[in-house]
1. Would a scan of the stretch 448-460 turn up a residue that is in contact with a Phe, Trp or Tyr (Cβ under 8 Å, 6 or more places away or on another chain), at pLDDT below 90 and among the β-branched types (Val, Ile, Thr)?
2. Is it the case that the stretch 260-267 has a residue that's under 18 Å from Tyr498 (Cβ atoms), open to solvent by less than 30 Å² (accessible area, probe 1.4 Å) and either among the aromatic types (Phe, Trp, Tyr) or touching a Leu at 6+ places or on another chain (Cβ under 8 Å) (or both)?
3. Scan the stretch 472-485 and tell me whether some residue there is in contact with a Ser or Thr (Cβ under 6 Å, 6 or more places away or on another chain), modelled with pLDDT under 95 and under 25 Å from Gly450 (Cα atoms).
4. So Ile406 fits all but one of (1) farther than 30 Å from Leu270 by Cα; (2) out of contact with any Gly (no Cβ under 8 Å at 6 or more places or on another chain); (3) open to solvent by 10 Å² or more (accessible area, probe 1.4 Å); what number is the exception?
5. What do you reckon, is Glu279 out of contact with any Ser or Thr (no Cβ under 8 Å at 6 or more places or on another chain), open to solvent by 20 Å² or more (accessible area, probe 1.4 Å) and either on the phi < 0 side of the Ramachandran plot or without any contact (Cβ under 8 Å) to a residue 12 or more places away in the chain (or both)?
6. So which of His198, His179 is at pLDDT below 75, closer than 19 Å to Ser39 by Cβ and touching a helix residue (DSSP H, G or I) at 6+ places or on another chain (Cβ under 8 Å)?
7. Just one of Lys337, Lys349, Lys309, Lys371 is of a type in the set (Lys, Arg), modelled with pLDDT of 90 or more and more than 18 Å from Lys410 (Cα to Cα); which is it?
8. Of the conditions (1) open to solvent by 40 Å² or more (accessible area, probe 1.4 Å); (2) more than 20 Å from Val300 (Cβ to Cβ); (3) not acidic (Asp, Glu), Val492 fails just one. Which one is it?
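The values are calculated or read from the model by the stated rules, or taken from the named source; none is laboratory data. Keep in mind it's a predicted model, so treat the numbers as computed, not measured. All Cβ positions, glycine included, derive from the backbone under ideal geometry; neighbour counts span all protein chains shown. Ligands, DNA and RNA are stripped out before the accessible areas are found, and what is left, the full protein with its side chains, is counted by its heavy atoms. Shrake-Rupley method; radii C 1.70, N 1.55, O 1.52, S 1.80 Å.
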Amino acid sequence: MYKIKSWFKSRLIADYAGTMMVVAIFIIIFMAISFTLLSPYIAREQLSSKLDTMSSELVDNYSTNIGEYHELITDVVNNINFDCSKSDRKYIKTKTYNKYYIKNIDIKTHDNIVCSSFNDKPKHHTQAIFIKNLQDNISLWAIDNNKEQSILSLVWEDTKGKVSIDFEPIISKITRNKHCDDCILTVVSIPNNNKTLHSQDDENVLSKQALNIEVFKNSLILKNYVDPQLLSLISMDLKPLLFIIGGLIGLLVFFVINTYAKRQLSLHSLIIKGIGRKEFIPYYQPIINVKNNKMYGCEVLVRWWFNKKELISPDEFIPYAESNGLIIHITDILLEKTLAQLSSLDWNKSSGIISINLVPEQLENKLHMRKAVDLIIKSSISPKLIAFEITERMSFTDLDKAAAVIDYLKAQGINVKLDDAGTGYGSFSYIQHLKLQSLKIDKMFVDTIGTFDHRLSVLDSIIAFGKKSGMEMIAEGVETKEQSEYLLNNGVYLQQGYYFSEPLKFEQFHDYYKQDQVNN
């Protein structure tokens, strides 16, 4: 699998420009088409929002002014003569107050002669439909014979005649659309009243679900029904714009992917080159037995000596190397260099344990581990002085295979320890299934010592479990005297961390080892 991934990435690196051009075209087209496919939904939301806004503005405006009607009509009837004279005609053509219009004047003494603000010709009498009486002579809705509709119509009538004052039409404004005049149906109703008013008689549109429903503070309910054909037309209008927007977003997505890919592919190629050049080197962090202040052994940590000029922190490359299988080859280099360097110290005389980190994939591959064992046997260091640490942060895919490999390693005298205990996929199940007898307590738990962090109880539980199971326990990340003493008092006497020593390159570790030998 690793070889396949490496080959694919190598090909991608070799023809990066061409490959990413294809990726860019695909992403841009995909995003553009995807956004275009959203046009029916966006058309519906756009029209619904427009109708909501228009309905709210108009109806709220009408209903907030309901208290002014009587004052308004008193002023009107006091200024007309009810004779359709030139003065009356001029007056009723003039806007009054908040865009109210004098709709018509019915003069009873002239056989239904009507003066109108819309033209100078007589018109038929306006029929006022009373849905709910709010005040005397006030209706919520009025409709004339020409189906011109308005809301909150005011009517005054006495022996002289009749005056009807209406708001400007509401439904005609809501339903106005560039595609059609009758593809939006507006229905007005009041709760507990069986009367409704339509802007048009279109049962086909009315049979569809309402696009939006508005309930206003005067309990007026306004529903807008839309012909699917209108939504289709609006959707068609939106498609070119959405295609462009989708393409631009696709371009942005590609830019992000390209930036990430360049970084990752560049890192991938550099690690491969580093493996070929064996630029990965071991650093050694002493593990101390605080009972006698003697070095118990050391943990081997990897560093990248890039181009033999720059030391790269493991945080910069290990996560990527682990997720892409490259860590296996880095570990092989590390093991080879560690055996060569520590052999020069006559390490067998110290009986110190050398701990080397592995990933689960390595412990599931018996053939690979046989090669590692062969390399150890060929060195001057006894296999009994080697321990492999398996991190709990990464999961096994086959515990049975891993158990078989661990049994093989134990038969060779090599111990296997559980690293980062309590931080990952299953400490107890791993210990039980893999029959591990050593664990390392992670720094995140050690850091809770002397604090009120709830994880301190987890640390105590891990220690209690280790004691009861008779396990060897090593605490890592010890940085203070308080931490060291707390661990010692609780039976954890094997410790490592900056309190004792930072990870050392071989030349520094050589001196540290020699001094430890002299002192002990």
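1. Yes, because at least one residue in the stretch 448-460 is in contact with a Phe, Trp or Tyr (Cβ under 8 Å, 6 or more places away or on another chain), at pLDDT below 90 and among the β-branched types (Val, Ile, Thr).
2. So far as the stretch 260-267 goes, no, none of its residues is under 18 Å from Tyr498 (Cβ atoms), open to solvent by less than 30 Å² (accessible area, probe 1.4 Å) and either among the aromatic types (Phe, Trp, Tyr) or touching a Leu at 6+ places or on another chain (Cβ under 8 Å) (or both).
3. yes
4. Evaluating Ile406 over (1) farther than 30 Å from Leu270 by Cα; (2) out of contact with any Gly (no Cβ under 8 Å at 6 or more places or on another chain); (3) open to solvent by 10 Å² or more (accessible area, probe 1.4 Å) leaves (3) as the failure.
5. Here the answer is no, as Glu279 does not meet what is asked.
6. Exactly one residue qualifies, and that residue is His179.
7. It is Lys337.
8. Checking Val492 against (1) open to solvent by 40 Å² or more (accessible area, probe 1.4 Å); (2) more than 20 Å from Val300 (Cβ to Cβ); (3) not acidic (Asp, Glu), the one that fails is (1).
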